[in-house]
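Structure, as structure tokens:
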Amino acid sequence: MPEGNAGRLAAKANQLYWGTTKAAGRLAEELGISRSKFYGLIEPLSLDLECPDCGELLTFSSRSDREASRGRCPECGAVTQIPEDEVPAAPPPAAEREARLTSAIGERLPLPGNRELWLTAIAGVAIGLLFTGWWRRR
């Protein structure tokens, strides 16, 4: 995979992970990669708060840390409870829907449920052709 595509995939994985509340396994599936590769692409979410021990900027290493308001220092490993008013909010539902409609390389994906609609349409056409062939032979 060219370096540009890998960078876009990593950016998309981070956008989906930090910008939605979907399960990581499902996000990996949507991107067409393994769960372990997906987790390897995820970068900690930086905060504008300094570690009380060493002064380095704190991060959330997972969405669970964000939900529990636990900031972690990448330098010294200290875990700090973040005040509720300084925790970045989880994404609104509209942002989650928009992220779901965009593929790893920025292309718009079909709306959820379109797959079943297309499969049904194709099955209907196939049945129609078979029926027409049978009718003509009669």
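Among the residues of the range 49-83 satisfying the criterion of being touching a residue at least 12 places away in the same chain (Cβ under 8 Å) and among the charged types (D, E, K, R), which is nearest to Trp18 (Cα to Cα)?
For the range 49-83, the residue satisfying everything is Arg63.
Just give me the residues in the range 47-81 being surrounded by 12 or more Cβ atoms within 10 Å (Cβ to Cβ), within 24 Å of the chain's Cα centre (by Cα) and of a type in the set (Ser, Thr, Tyr), in sequence order.
Of everything in the range 47-81, those that are surrounded by 12 or more Cβ atoms within 10 Å (Cβ to Cβ), within 24 Å of the chain's Cα centre (by Cα) and of a type in the set (Ser, Thr, Tyr) turn out to be Thr59, Ser61, Ser62, Ser69.
Conditions (1) modelled with pLDDT under 90; (2) not aliphatic (A, V, I, L, M), marked per residue:
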residue: Thr20; (1), (2): yes, yes
residue: Ala23; (1), (2): yes, no
residue: Glu30; (1), (2): yes, yes
residue: Lys37; (1), (2): no, yes
residue: Leu47; (1), (2): yes, no
residue: Asp53; (1), (2): yes, yes
residue: Leu57; (1), (2): yes, no
residue: Ser64; (1), (2): yes, yes
residue: Ala68; (1), (2): yes, no
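Being in contact with an Asp or Glu (Cβ under 6 Å, 6 or more places away or on another chain), part of a loop (DSSP other than H, G, I, E, B) and of a type outside the set (Gly, Ala, Ser), is that true of even one residue in the range 40-58?
Checked the range 40-58: at least one residue is in contact with an Asp or Glu (Cβ under 6 Å, 6 or more places away or on another chain), part of a loop (DSSP other than H, G, I, E, B) and of a type outside the set (Gly, Ala, Ser).
The values are calculated or read from the model by the stated rules, or taken from the named source; none is laboratory data. Bear in mind that the values here come from a model prediction, so they are computed numbers and not experimental data. Virtual Cβ from ideal backbone geometry, glycine too; neighbours counted across all protein chains shown.
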